[in-house]
Amino acid sequence: MDRIDAEQLLREYADGRRNFSGLDLSHLNLFEANLQDVDLRGCDLTGAYLPYARMDRANLQDAQLKDADLSHARLQAVKLAHANLQRANLSRALLFQADLCGADLSDAICQTTDFQSANLSYADFSGATLCYAKLEAANLESTCFKNCNLFRSQGGEFEHSLYDRRTIFPDGHRLDG
């Protein structure tokens, strides 16, 4: 897997390049980066620092984003299907109309994250924190919320989702009490 640094990525993006698929971008500092419409399919972004990044319509399918910081990032209509976002920080991120079908968000921090109208079908939120998350009109078909904290999240139809006795629902209740 070829590697480029943040400076080269941003310079080539500014010059009009959009396809960076398959690159090693792990641990890059891309704070406030403007990467709208970028193709990062299959990239390794493990531990990347992306707070306040603007990545609307980006393609991050099958990308590795374990331990990445995407807090406050704008990810509207982004493609994250089958991406690995384990332990990622998505606090206050905007993922309106995003496609996260089959994505792994286990142990992710998604406090006050906006998932409105997002496709979260078959996504795994096991152990994740989604307090105050916005889930209105999100597709939650077969979404896994086992041991997940959904306290005060807004919207969401959970009848076709997976959960267990450790799941904390939006109203604060658990199945065991």
Residue among S117, S121 that is touching a strand residue (DSSP E or B) at 6+ places or on another chain (Cβ under 6 Å), modelled with pLDDT of 95 or more and either of a type outside the set (F, W, Y) or on the phi > 0 side of the Ramachandran plot (or both): S121
Does at least one position in segment 22-38 carry a residue that is out of contact with any Phe, Trp or Tyr (no Cβ under 7 Å at 6 or more places or on another chain), farther than 19 Å from A88 by Cβ and modelled with pLDDT under 95? no
What are the pairs with Cβ atoms under 6 angstrom where one residue, in segment 77-94, is without any contact (Cβ under 8 Å) to a residue 12 or more places away in the chain and assigned to a loop (DSSP other than H, G, I, E, B) and the other, located anywhere, is surrounded by 24 or more Cβ atoms within 10 Å (Cβ to Cβ) and not aromatic (F, W, Y)? Sequence gap at least six, or different chains. none
Only one of these is crowded, with 19+ Cβ neighbours inside 10 Å and either more than 14 Å from the chain's Cα centre (by Cα) or outside any loop (DSSP other than H, G, I, E, B) (or both): G172, G127, G156. Name it. G156
Is it the case that some residue within segment 60-68 is closer than 16 Å to C110 by Cβ and outside any loop (DSSP other than H, G, I, E, B)? no
Would segment 29-41 turn up any residue that is on the phi > 0 side of the Ramachandran plot, touching a residue at least 12 places away in the same chain (Cβ under 8 Å) and either surrounded by fewer than 20 Cβ atoms within 10 Å (Cβ to Cβ) or part of a helix (DSSP H, G or I) (or both)? yes
Considering only segment 43-54, how many residues are buried (at least 17 other Cβ atoms within 10 Å of the Cβ) and either farther than 18 Å from I109 by Cα or in contact (Cβ under 8 Å) with a residue 40 or more places away in the chain (or both)? 2
Identify the single condition in (1) under 25 Å from A138 (Cβ atoms); (2) of a type outside the set (S, T, N, Q); (3) in contact with a Gly (Cβ under 9 Å, 6 or more places away or on another chain) that G22 does not satisfy, given that it satisfies every other one. (1)
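The values are calculated or read from the model by the stated rules, or taken from the named source; none is laboratory data. Fair warning: this is a prediction, and the values are worked out from it, not measured in the lab. Please note: Cβ atoms are built from the backbone with ideal geometry, for glycine as well, and neighbour counts cover all protein chains shown.
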